[in-house]
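The values are calculated or read from the model by the stated rules, or taken from the named source; none is laboratory data. What you are looking at is a predicted structure, and each value in this text was computed from that prediction instead of being measured. Note that we place each Cβ from the backbone using ideal geometry, even for glycine, and neighbour counts take in every protein chain shown.
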């Protein structure tokens, strides 16, 4: 976080807040926590972001126990405020699933509810002031780094997307059979008949030699783009939001620094301006974190609906 002379720099501050608490094998062969971005990068693929795993699993457990508490204490005659709130979320997810999914599958609505609530909770952590929890962990000696927003970790975002992609493949094979799924990838969107080729022999040659391989490449790229875009959309929006919070925090701390040095007017204006920006961005970010959870849920429903659809070949 500091420069060579020990003074905290803006770049060091930003880099510190964007670094995960990483556990893995160090260059000397020992296993432990990385104490720098360079050491974390040297750990390679088999390292693990402890903070992202802990916060995402912890938030999932919070969601589980809240839903379990509501389910065990369910009352149709005298529902409490928490039950009414959970019922509202449940109806929202159920309606979204019914609108976006056209087939009979009892798992889609619960999946939509789980995705929306879990992603929303992970995104919601971005509203906690950026210095509070990392500062507490660092100065208590527990951990040198602590990122508390799991969805700003590309590993978490792509991990969620990969799980959805596995479900897409599973239902594509189940509903269409492996051969039917392969035909769907290879026989659309182009065929020789669409180009006016009427001779059966020529049509088959054009299809099997040129168009079907081309279709397979195009549709495979389109298929792989689903999880990539799903994960990167969530990661990109949340990462950008976190970065803006960090930059605003730098603005506020810069104002306090000017006040400490005697620049009362400029320091006050900078601190107040940063505080107002923090409030405005926090209010706007409530919409962002909710919208990103909703988009992730709806795209999952749409992709699974497509996996259930049969082609016309």
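On inspection, residue 265 does not qualify as surrounded by 18 or more Cβ atoms within 10 Å (Cβ to Cβ), out of contact with any strand residue (DSSP E or B) (no Cβ under 7 Å at 6 or more places or on another chain), on the phi < 0 side of the Ramachandran plot and modelled with pLDDT under 85. Residue pairs whose Cβ atoms lie under 6 Å apart, sitting 6 or more positions apart in sequence or on different chains, and linking a residue in the range 171-188 that is within 18 Å of residue 208 (Cβ to Cβ) to a partner that is not in a helix (DSSP H, G or I), are 183/313; 184/311; 187/313. Consider the range 79-117 and keep the residues that are in contact (Cβ under 8 Å) with a residue 60 or more places away in the chain and over 18 Å from residue 290 (Cβ atoms). The one that is surrounded by the fewest Cβ atoms within 10 Å (Cβ to Cβ) is 102. Residue 115 falls short on exactly one of the conditions (1) part of a loop (DSSP other than H, G, I, E, B); (2) under 30 Å from residue 19 (Cβ atoms); (3) under 26 Å from the mean Cα position of the chain (by Cα), and that condition is (1).
Of the numbered criteria (1) assigned to a loop (DSSP other than H, G, I, E, B); (2) closer than 30 Å to residue 305 by Cα; (3) free of Cβ contacts under 8 Å to residues at least 24 places away in the same chain, the one residue 66 fails is (1).
For the range 1-25, the tally of residues that are touching a strand residue (DSSP E or B) at 6+ places or on another chain (Cβ under 7 Å), part of a loop (DSSP other than H, G, I, E, B) and modelled with pLDDT of 90 or more stands at 2.
Contact map, the range 16-30: first residue under 9 Å from residue 147 (Cα atoms), second residue modelled with pLDDT of 90 or more and part of a strand (DSSP E or B), Cβ cut-off under 9 Å, separation 6 or more or different chains; pairs are 20/49; 21/33; 21/49.
Which of the residues belonging to the range 36-63 are loosely packed, with under 13 Cβ neighbours inside 10 Å and part of a loop (DSSP other than H, G, I, E, B)? Residues satisfying the conditions are 44, 45, 46. Would you call residue 270 surrounded by 18 or more Cβ atoms within 10 Å (Cβ to Cβ), modelled with pLDDT under 95, over 18 Å from the mean Cα position of the chain (by Cα) and within 30 Å of residue 174 (Cα to Cα)? Taking the combined requirement at face value, the residue does not satisfy it. Taken residue by residue, the range 211-220 has no member that is part of a helix (DSSP H, G or I), within 14 Å of residue 14 (Cβ to Cβ) and in contact with a helix residue (DSSP H, G or I) (Cβ under 6 Å, 6 or more places away or on another chain).
Looking only at residues of the range 149-205 that are at pLDDT 95 or above and not in a helix (DSSP H, G or I), we find that the one that is nearest to the chain's Cα centre (by Cα) is 153. The combined condition, being under 23 Å from residue 118 (Cβ atoms) and loosely packed, with under 15 Cβ neighbours inside 10 Å, is not fulfilled by residue 148.
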